[in-house]
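The values are calculated or read from the model by the stated rules, or taken from the named source; none is laboratory data. Owing to the predicted nature of the structure, the values given are computational and were not obtained by experimental measurement. Cβ placement follows ideal geometry from the backbone for every residue including glycine, while neighbour counts extend to all protein chains displayed. The protein model used for the area step is the full one, side chains on, heavy atoms only, and it has no ligands, DNA or RNA in it. Shrake-Rupley method; radii C 1.70, N 1.55, O 1.52, S 1.80 Å.
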Amino acid sequence: MITAAKCVVAVLALASAFGVAFSRQAVHSALFLTCNLLCVAVLYLLMSLHFLGAAQLLVYAGAIMVVFLFAVTVLAPEDEMLGKWNDSYKLTGIAVAALLGACLMVVNSRASLADLAAPEQGSLKQFATDLFGKFVFPFEGTAFVLLVALIGVVLLGHRRLRDLDRGGPSRD
Amino acid sequence: MTDGMITLFLSAALFAIGSIGVAIRRNPLIMFMCIELMLNSANLALATFSRYYARIPETLPDSIELVASKDLGSASDGSIFVFLVMTIAAAEAVVGLAIIIAIFRTRKQVDADELAELKG
């Protein structure tokens, strides 16, 4: 039952991934990417990794997609470049990607995975204990990284970077 | 084919499709979305391994002996790694989009082939 569900969701994820890479419009790519991330969240849930499924929904399908859609609307790229592909790299890109995919498939097919029982109900408790116990320093490190990213984005989004050197934002 | 192989092969395929997108598209936004796709597929592989490889002593081949059982870590370690990677991916997406918008504001057009100043 779960295997069948996984197969269906995997096919959906593959189709939407093709949609991301080959859509003509950026908005369609963004919507296909949302579909793909939702499919991956469902896969996490089917693997009984409940926290990861929830985090995937909140972080990727929620937060990141909003930023992407916002960027798509702000940019509104001109029509003539929408459908353009990088023709000189088209064959090379597809060949290299096919090679990469084949290599990954071969390597992955050698993995010996066991059909383990699903983690028991207390896995979230274990997760939280480890996150705030053994891995508390990496966790705090991500907080620092997010702060740095926030400051960087504020700087990048500033109207004129030169104004910051003169000691303050422009008032216009 | 076990349950875990489905997601493992899916992650390989998603990574390949994402790399196609990065190589052949010219719109930086779509290239960026494909990079997100690749990151996400790596996450999927990591989660799959952590889920189906978690209790290692049961899954190891007989020929391998463990030095100490405390080296193994617990079953939730992989989930924590994936969670941390997700956080970093969020930061990376925000900074990347801000850079793309900043480029768009100064150049009035976004085309990955036109941005070649660093070539020298």
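Being surrounded by 19 or more Cβ atoms within 10 Å (Cβ to Cβ), at pLDDT below 95 and hydrophobic (A, V, I, L, M, F, W, C): is that true of A:Ala54 here? Show your work before the answer.
Numbers: surrounded by 19 or more Cβ atoms within 10 Å (Cβ to Cβ): no; at pLDDT below 95: yes; hydrophobic (A, V, I, L, M, F, W, C): yes.
Taking the combined requirement at face value, the residue does not satisfy it.
So which residues in segment B:76-116 are in a helix (DSSP H, G or I), at the interface with another protein chain (Cβ under 7 Å from one of its Cβ atoms) and more than 19 Å from the chain's Cα centre (by Cα), if there are any at all?
Result: B:Ala98, B:Ile99, B:Ile100, B:Ile101, B:Ala102, B:Phe104.
Which of the residues spanning segment A:18-55 are within 30 Å of A:Leu131 (Cβ to Cβ) and within 7 Å of chain B (Cβ to nearest Cβ)?
Let us first name the residues in segment A:18-55 that are within 30 Å of A:Leu131 (Cβ to Cβ), namely A:33-55.
Matches in segment A:18-55: A:Leu33, A:Asn36, A:Leu37, A:Val40, A:Leu43, A:Tyr44, A:Met47, A:Leu49, A:Phe51, A:Leu52, A:Ala55.
How about segment A:57-69: which of its residues are open to solvent by 40 Å² or more (accessible area, probe 1.4 Å) and within 12 Å of B:Ala89 (Cβ to Cβ)?
Taking segment A:57-69 first, the residues open to solvent by 40 Å² or more (accessible area, probe 1.4 Å) are A:57-58, A:63, A:66-67, A:69.
Within segment A:57-69, A:Ala63, A:Val67 meet the criteria.
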